[in-house]
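The structure appears right after this line, and notes come after that.
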Amino acid sequence: MPSHPLAETVASLLPRAKAELAELVAFRSVADFSQFPRSESEAAAGWVADALRAEGFTDVAVLDTPDGTQSVYGFLPGPEGAKTVLLYAHYDVQPPLDEAGWSTPPFELTERDGRWYGRGTADCKGGFIMHLLALRALKANGGVPVNVKVVVEGSEEQGTGGLERYAEQHPELLAADTIVIGDAGNFRLGLPTVTTSLRGLAIVRVRVDTLAGNLHSGQFGGAAPDALAALIRTLDSLRAEDGSTTVDGLDTTARWDGLEYPEEQFRADAKVLDGVGLTGEGPIADRVWVRPAVTVIGIDCPPVVGATPSVQSSAGALVSLRVPPGMDVAEAGKLLQSHIEAHTPWGARVTTELVGQGQPFRADTSSPAYRAMAEAMAVAYPGETMQYAGQGGTIPLCNTLAALYPRAEILLIGLSEPEAQIHAVDESVSPEELERLSVAEALFLRNYAAS
């Protein structure tokens, strides 16, 4: 990175940022309170609120949102007549999955091979630290030239819509000229990228019942309808022979017209085992950014350890459907439910319930904010040009903000490049990526204020 006062300041602040991220990562702030203590999330929210107050934010508030979680809001006034920019991140994280599978403890920030490991380092506690670094650099170099609103969500990973509903009930709170969502990531490490497309998400809970109770498989197996077998057949109907998603009535032919995703790079990013084929057909960018994709994310059935030779009377599953821009999530969710109900064999009793959803998003890239970000990225990443990419994941708040503030420009950046392994074991963040993106955000705010 070339010498620049903002870059020099960010570099000097990086040790403090690491210490703060370590404190934030230590909170087990998973917003599934059936498995993780609510107190951990509330403590994380308090930490974020204290950090904003220490930076001079006014009107700092811990918001009790309708889904029973907390988000944190703060306002930092800029010069008279300045534009307003909303900076977003979330402090809640995914469960650690198999804690024993981590190379180091998931809730303890650990430096290894030039990266910082821990749950939330990239997604998205690191995103909040990125915002702090950018603002601190500006304050040390002439001041923050815009009004800044910050909101840090507490249930993004659960998809329960708490902040979306709160924003709808208080539409003035998050109003801004431009919104920077710090919850995306570069296409690859070191390639500056703005995410312009997000798939939405519908989550359906399925239950299949066939018998009044489990039966001895020797006495009844062969004629008694096995609920687990029925469920497996039903779930198998959601994919074609090549692994493509096949939900009755759902269009799976969309094409991506931006940055390409080479298959070799995808295999490396996804850590696909040698000899294992990819699923679906067509370019990778089509499959992961603009086409629907179904995933079975959990099954209720007896574990292998302790299993008995029984015909199962009931079984359940949780199925997620990624929904591309241009499709309505509610309608796609209904199609998924109808497909499951229509493809359940043997007259088994099946119930489906839509338990979570978030709409897809597509940004307008022809705005002054995108030009200001491109100029900032060119400085923070010398020799590189800002790229536009899609993302298969979901940030439900984006569509809510776009609907509430149709004139606001929305940009998605962040630390979740492929090597970060977000949502998996050994999640990590690149300190260099954190440094460069913090510089880019600071430069963006300065450029945007002058535009």
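The values are calculated or read from the model by the stated rules, or taken from the named source; none is laboratory data. Bear in mind the structure is a predicted one, so any value in this text is a computation, not a measurement. Note that each Cβ is placed from the backbone with ideal geometry, even for glycine, and that neighbours are counted across all protein chains shown. These accessible areas exclude ligands, DNA and RNA; they are computed on the full protein's heavy atoms, side chains included. Shrake-Rupley method; radii C 1.70, N 1.55, O 1.52, S 1.80 Å.
Among the strands (runs of 3 or more DSSP E) confined wholly to the range 159-278, which include 2 or more residues that are modelled with pLDDT under 95 and crowded, with 21+ Cβ neighbours inside 10 Å?
193-198, 200-209
Keeping to the range 4-51, report how many residues are of a type in the set (Gly, Ala, Ser), buried (at least 21 other Cβ atoms within 10 Å of the Cβ) and not in a loop (DSSP other than H, G, I, E, B).
Final tally of qualifying residues: 6.
For the range 320-344, which positions are more than 25 Å from Asp209 (Cα to Cα) and open to solvent by 10 Å² or more (accessible area, probe 1.4 Å)?
Arg322, Pro325, Gly326, Met327, Asp328, Ala330, Glu331
From the list Ala89, Ala122, exactly one residue is open to solvent by less than 10 Å² (accessible area, probe 1.4 Å), assigned to a loop (DSSP other than H, G, I, E, B) and not basic (Lys, Arg). Which is it?
When all the criteria are applied, what remains is Ala122.
Under the condition of being touching a residue at least 40 places away in the same chain (Cβ under 8 Å) and among the small types (Gly, Ala, Ser), which residue from the range 92-110 is most open to solvent (accessible area, probe 1.4 Å)?
Among them, the one singled out is Ser103.
Among the residues of the range 379-399, which ones are within 22 Å of the chain's Cα centre (by Cα) and either under 30 Å from Asp67 (Cβ atoms) or buried (at least 20 other Cβ atoms within 10 Å of the Cβ) (or both)?
Passing the criteria: Met386, Ala389, Gly390, Gln391, Gly392, Gly393, Thr394, Ile395, Pro396, Leu397, Cys398, Asn399.
Is it true that Ser29 is under 28 Å from Arg407 (Cβ atoms), in contact with a helix residue (DSSP H, G or I) (Cβ under 7 Å, 6 or more places away or on another chain) and modelled with pLDDT of 95 or more?
Criteria not met by Ser29.
Between a first residue in the range 111-123 that is at positive phi and a second residue that is outside any strand (DSSP E or B) and open to solvent by 20 Å² or more (accessible area, probe 1.4 Å), which pairs have beta carbons less than 7 Å apart while being 6 or more apart in sequence or on different chains?
Gly118/Phe107; Gly118/Glu108; Gly118/Leu109
Quick one: what pairs do we get from the range 440-451, first residue more than 13 Å from Leu86 (Cα to Cα), second open to solvent by 40 Å² or more (accessible area, probe 1.4 Å) and not in a loop (DSSP other than H, G, I, E, B), C-beta under 7 Å, 6+ apart or different chains?
That search, which allows pairs on different chains as well, returns Leu443/Val379; Asn447/Glu375; Ser451/Pro368.
In the range 52-72, how many are open to solvent by 10 Å² or more (accessible area, probe 1.4 Å), under 15 Å from Leu132 (Cβ atoms) and not in a loop (DSSP other than H, G, I, E, B)?
Final tally of qualifying residues: 3.
Which residue pairs have Cβ atoms under 8 Å apart, sit 6 or more places apart or on different chains, and have a first residue in the range 400-420 that is under 12 Å from Leu174 (Cα atoms) and open to solvent by less than 10 Å² (accessible area, probe 1.4 Å) and a second that is part of a loop (DSSP other than H, G, I, E, B) and not aromatic (Phe, Trp, Tyr)?
Leu401/Leu174; Leu401/Ala408
Checking the condition touching a residue at least 24 places away in the same chain (Cβ under 8 Å), of a type in the set (A, V, I, L, M), open to solvent by less than 50 Å² (accessible area, probe 1.4 Å) and in contact with an Asp or Glu (Cβ under 7 Å, 6 or more places away or on another chain), which residue from Ala315, Ala363, Ala376, Ala293 passes?
Ala315 is the lone residue from the list that is touching a residue at least 24 places away in the same chain (Cβ under 8 Å), of a type in the set (A, V, I, L, M), open to solvent by less than 50 Å² (accessible area, probe 1.4 Å) and in contact with an Asp or Glu (Cβ under 7 Å, 6 or more places away or on another chain).
Before we move on, is Pro95 part of a loop (DSSP other than H, G, I, E, B), modelled with pLDDT of 95 or more and under 18 Å from Ala449 (Cβ atoms)?
No; evaluated as a whole, the condition is false for this residue.
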